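The values are calculated or read from the model by the stated rules, or taken from the named source; none is laboratory data. What you are looking at is a predicted structure, and each value in this text was computed from that prediction instead of being measured. Here the Cβ positions follow ideal geometry from the backbone for every residue, glycine too, while neighbour counts run over all protein chains shown. Note: accessible area is taken over every heavy atom of the protein model, side chains too, but ligands, DNA and RNA are not part of it. Shrake-Rupley method; radii C 1.70, N 1.55, O 1.52, S 1.80 Å.
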Amino acid sequence: MKLTTFFGPDESYRLGVVDGEDVVDMTHCVERQAPLGLVSPMRALLAMTDSPATFLGDLDGERLPLSSVRLAPIVPDPAKIIAAPVNYRAHQAEMQEDYHIDALGIFLKATSSVMGSGGTVRLPYSDRRFDQEGELALVIGRTASHVSADDALGYVAGYTMLLDMTMRGGEDRSTRKSFDGFTPVGPYLVTPDEAGAPDDMRLQTWVNDVLRQDADVSDLIWDVPRLVEYASSVMTLRPGDILTTGTPAGIGQVFDGDRIAVEVTHLGRLEVAVSSDGAVSCPTRGAQRGPKPPEEVTPVRAR
Ligand code: MN
């Protein structure tokens, strides 16, 4: 099943199920059970059930052409966004990093940075470098604390794509990756039965139709079960939390007017635009510090 969140005519969040070329508005199923407003219908759904397909039942809501709706972040109000820093060896090499996730652990992005597919990433500063990081992400479906890798996949509600937009430099990661709009996520939350195993997924990222990232998710240093195990040993994971797995090699600078797209096997296509409208000079001085990203983007050849 492909779940999504889209904007209603009044800008409210609507819960959708994607059915072919249509999206079916199933918000009423959640509204019946819990007053909305404090949490989004997607987060309410994930909190109420481990089995969205059973819970939602027949797709009896209003049917709209998918192309006619504006997508919101799949979870507009996650309690947290947990991210893996260096989790592919080829990305570690391109960044000339001495360490990877088993020394670095995890970090958090501001939840206010989420954005839906089709939105525009606004670069805040005119004098800093900003890069795209295409990533496989998962959404937590059940409260998880100190779960084992063997049990971890039972806590995953589904998979999606995420762009971990990043300012390069020496400021703290939580600053460099938390600007509004710096976490495009979606377009769908694809349940595990339909998404398949992460180890069978391939991730690709394009900038202006040039392929920059092309990786097998099986190359993750810490795979999805290990990530959930570790993250849940640090902090309690709750329904709707987003966990993003890290970016493979091929990160590169993006500029005003660029278009970024990410695809992962069975998960659809996440697309955003980039704009530097309103960019100002950066008030912090970290530009010359931090890991050194590659100067030139080397487009990869499709396999
Ligand atoms: Mn990242």
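Would the range 277-287 turn up any residue that is open to solvent by 60 Å² or more (accessible area, probe 1.4 Å) and more than 23 Å from residue 110 (Cα to Cα)?
Within the range 277-287, not a single residue is open to solvent by 60 Å² or more (accessible area, probe 1.4 Å) and more than 23 Å from residue 110 (Cα to Cα).
Considering only residues of the range 157-170 that are open to solvent by 10 Å² or more (accessible area, probe 1.4 Å) and more than 15 Å from the ligand (Cβ to nearest atom), which is modelled with the lowest pLDDT?
Per the criteria, the residue is 170.
Only one of these conditions is not met by residue 185: (1) of a type in the set (A, V, I, L, M); (2) open to solvent by 50 Å² or more (accessible area, probe 1.4 Å); (3) within 16 Å of the ligand (Cβ to nearest atom). Which number is it?
Of everything listed in (1) of a type in the set (A, V, I, L, M); (2) open to solvent by 50 Å² or more (accessible area, probe 1.4 Å); (3) within 16 Å of the ligand (Cβ to nearest atom), residue 185 misses just condition (2).
When you check residue 141 against the structure, is it small (Gly, Ala, Ser), within 16 Å of the ligand (Cβ to nearest atom) and touching a strand residue (DSSP E or B) at 6+ places or on another chain (Cβ under 6 Å), yes or no?
No, not satisfied.
Each row is one residue, and each column tells you yes or no for (1) within 25 Å of residue 196 (Cβ to Cβ); (2) outside the structural domain of residue 196 (by TED's automatic domain parsing); (3) modelled with pLDDT under 95.
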position	(1), (2), (3)
103	no, no, yes
108	no, no, no
123	no, no, no
142	yes, no, no
146	no, no, no
151	yes, no, no
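Please report, ordered by residue number, the helices (runs of 4 or more DSSP H) entirely within the range 90-195 with at least 2 residues that are touching an Asp or Glu at 6+ places or on another chain (Cβ under 9 Å) and within 27 Å of residue 52 (Cα to Cα).
149-152
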